[in-house]
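First up is the structure itself, then whatever we jot down about it.
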Amino acid sequence: MNKSVIIVGAGVGGLATAVKLLSKGYNVTIYEKNTRIGGRVNLIETDNFRFDLTASILMTPEIYKDVFRYVGKDYKDYINFIDLDPIYRAFYFDGSHFDLFRDIGKLTESLETLSKKDSIGYYKFLSKVYEKYLIANKYFLNNSFSQPLDFFNFVSLQKMLKINTFSNAYTHISSYIDSDNLRNLIAFQSLYVGISPFDGPNIYNLVPTISQLYGLTHLEGGMYSYIEALEKMIYEFGGKIITDTPVEEIVIENGSATGIKSKSGIDKADIVVCNADFPYAIKELIKDNEAKGKYTDKKISKMKYSCSTFIMHLGLKKKYPELSVHNIYIGDDFEKNIQSAFFKNVPENPSLYIYCPSKIDDTMAKEDMECINITVRVPNLLSNDITWNEETINIMKDRVFAQLSNIESLSDIQENIIYESVTTPYDMLTRFNSYGGTSFGLSPTLLQTNYFRPHIKSPTVDDLYFVGNSVHPGTGISIVLLSSKLVVEEILKKL
Ligand SMILES: Cc1cc2nc3c(=O)[nH]c(=O)nc-3n(C[C@H](O)[C@H](O)[C@H](O)COP(=O)(O)OP(=O)(O)OC[C@H]3O[C@@H](n4cnc5c(N)ncnc54)[C@H](O)[C@@H]3O)c2cc1C
């Protein structure tokens, strides 16, 4: 008889794992607490607009396509990728702007408007970080580290030292580039893993590097169309998704996971894969202290967590041709305002990420309208006194609009809003059970990566696996897809 698998959570990690296991003949049931699947990769739909709730930057499309290849399907039957050029438009508080092109000729011309020295510096920076990326990809991102010897061996340790030079991301960027504008634009992208470029290890400079070298891609219909594609394949393979049903407990008997408990009672399975955020799941869904292993409540509360985000979704009744799909606004006093998110304050002059998919995708907004997300990094809900009530939300909105007034072409934006909603750290906590309301899960500090990050295979409970952004290899959709690949390999290895 085919083995049965229960997956707790229908985030991108849970869904990708389900499709792959179904294609190998497993019986898979997914339990999701919310009505709509997708987890943080989610959707707001109105009569005029289709907003991606959070994630929007699609790097390394090959990893997205890999799920289709693995299960013998053609991705073109499900989704449509559109390459972007420029990959980013940067706006600065002094009114200037700068484009990062994918096309190397246009990129070089754009860089030379800063200086020839910075143009050379940027290419040297890319080449250095690319070398590190190839090492990380070969030795770390695709290794499950389920055994100590997988990590503590001569080759891994030597490679680890090679990729982790000890300067922070910003210092590393500055050693190649003089222009503050370009430095800040690169550093802003290394923030995407939820760690400060002024403190975080310079390995996260691989985010801007991968974006530049492999380009950025847009999915027609936005990021949620990837979730819709995974859902479609799950049903085609005969999988089951049960929504509106929070799992209350992962049932463990004699050292093995044997099912889950929900409002409908106990559902038994041979294997349980937990996609709910790891620190939340260990604390709330695993009741047995021995099964928690080293992740006691005390340890969970002492670990380091990524920042969170404040997002405004704005539906606009006119087009803003000056916007690109991905825009970064660099505000005054960049370092102080970026560091706010990590020092427990909301920023006064926030730098902004502005996503405008309707620039190239008619399915995201009605004709002559624009849908934009504006995202600000803010503190998570751990150890600070910020309450995300109407007053805080209004303060944040005013600060965002004050910054937008520095971009001449967007100065009338407030007059043209016909839809508005916000997503706060509190939504991350209550909607998705993200521990501490973080946006990106456990912080990827050096002591919380690779072997030191929670493992995808429980070391204490048989037949229990974890997939998602707080476990190895880390955060971001493509990295979570790698986590799902590793989980499937581990499950098949056991068979
Ligand atoms: C604001 C923001 C912007 C981002 N931008 C990008 C980006 O541009 N590009 C990118 O690649 N990544 C981005 N990310 C990161 C990316 O979205 C995440 O890394 C990824 O979506 C995490 O997927 P996951 O499967 O690990 O978990 P989640 O999406 O957290 O899914 C977990 C699922 O488990 C469910 N669940 C929790 N508890 C229970 C329970 N008890 N019972 C049943 N179900 C439960 C949740 O409801 C959820 O559906 C962004 C994230 C945020 C928040």
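For the reader, a short list of remarks on this structure follows.
- Tilt relative to the chain, helix 477-494 - C-alpha long axis, 0 to 90 degrees, to 10: 20
- Cα coordinate range in segment 203-285, projected on the principal axes (Å, largest first): 49, 35, 21
- Surface accessible to a 1.4 Å probe, per residue, for the residues of the chain, Å²: 40
- Shown in residue order for segment 110-122 are the 3J(HN,Hα) couplings computed by the Karplus curve 6.51 cos²θ - 1.76 cosθ + 1.60 at θ = phi - 60°: 5, 5, 5, 5, 7, 5, 5, 4, 5, 5, 4, x, 5 Hz (x for Gly and Pro).
- Range in the chain, longest, excluding exposed chymotrypsin sites (Phe, Trp or Tyr not before Pro) [loop by DSSP; at most 12 other beta-carbon atoms within 10 Å]: 167-342
- Segment 383-464: Rg to Rh, with Rh as the Kirkwood radius over Cα pairs: 1.17
- Pairs of alpha carbons in segment 305-432 whose separation is greater than 26 Å (percent): 22
- Among the listed pairs Lys162/Lys457; Lys76/Lys493; Lys283/Lys457; Lys33/Lys302; Lys304/Lys493; Lys240/Lys261, those beyond 24 Å (Cα-Cα): Lys162/Lys457; Lys76/Lys493; Lys33/Lys302; Lys304/Lys493
- The convex hull drawn around the Cα atoms of the chain, when projected onto a plane and averaged over every direction, covers 22.3 nm².
- Area of Thr375 that stays accessible when all protein chains are in place (1.4 Å probe, Å², to 10): 10
- Summing charges over neighbours of Ser256, with a neighbour being any other residue whose Cβ is under 11 Å away from its Cβ, gives -4 when K and R count +1 and D and E count -1.
- Accessible surface of the chain [probe 1.4 Å, protein heavy atoms]: carbon and sulfur percent: 50
- Rg/Rh for segment 247-334 stands at 1.24; both radii use Cα atoms, and Rh follows the Kirkwood definition.
- Computed magnitude of the charge dipole of the chain (debye, nearest 20; Cβ of K, R +1, Cβ of D, E -1): 1860
- Computed with the Debye formula from one identical point scatterer per Cα of segment 1-129, without solvent, the log10 of I(q)/I(0) at q = 0.09, 0.11, 0.19 Å⁻¹ comes to -0.47, -0.66, -1.16.
- Positive-end residue, segment 105-212 charge dipole about Cα centroid, Cβ charges, pick of Asn168, Tyr130, Asn202: Tyr130
- Spacing of the modelled spin labels on Lys319 and Lys162, each 7 Å from Cα toward Cβ, amounts to 4.9 nm.
- Charge sum, other residues only, whose C-beta stays under 13 Å from Ser478's C-beta, Lys/Arg counted +1 and Asp/Glu -1: 0
- Within the same chain, lysines fewer than 8 places from Lys318 are excluded, and of the rest, those with a Cα less than 16 Å from its Cα are Lys359, Lys366.
- Centre separation in Å (Cα based) which lies between segment 339-391 and segment 63-109: 21
- When only alpha carbons of segment 84-242 are considered, Rg and Dmax amount to 19.0, 58 Å.
The values are calculated or read from the model by the stated rules, or taken from the named source; none is laboratory data. Fair warning: this is a prediction, and the values are worked out from it, not measured in the lab. All Cβ positions, glycine included, derive from the backbone under ideal geometry; neighbour counts span all protein chains shown. Keep in mind that these areas ignore ligands, DNA and RNA; they rest on the heavy atoms of the full protein, side chains included. Shrake-Rupley method; radii C 1.70, N 1.55, O 1.52, S 1.80 Å.
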